[in-house]
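Presented below is the structure to which this report refers.
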Amino acid sequence: MLEGRHTRQDELIAKVKRNLGLVAKSLKTSADSYEGIDTSNASLLSGVGDEGGL
């Protein structure tokens, strides 16, 4: 009986580990995308400032 419980707990832990891995990967992708957009926008604003627009 206890062995079955431990097996189920191991399965749940493995599932949580996989899900956390997916969350971490998605968060990294979002952060990278945000950083790229932020850098691009900073360049655009800098360019406008260089042209005397601001």
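The values are calculated or read from the model by the stated rules, or taken from the named source; none is laboratory data. Every value quoted in this text rests on a predicted model; they were computed, and no experiment measured them. Every residue, glycine among them, receives a Cβ derived from its backbone with ideal geometry; neighbour counts consider all protein chains shown.
Observations
- Flag for Leu45 being at pLDDT below 95 and surrounded by 10 or more Cβ atoms within 10 Å (Cβ to Cβ): yes
- Taken over segment 1-35, the criterion of being at pLDDT below 95 and either outside any helix (DSSP H, G or I) or under 16 Å from the mean Cα position of the chain (by Cα) (or both) is satisfied by Met1 alone.
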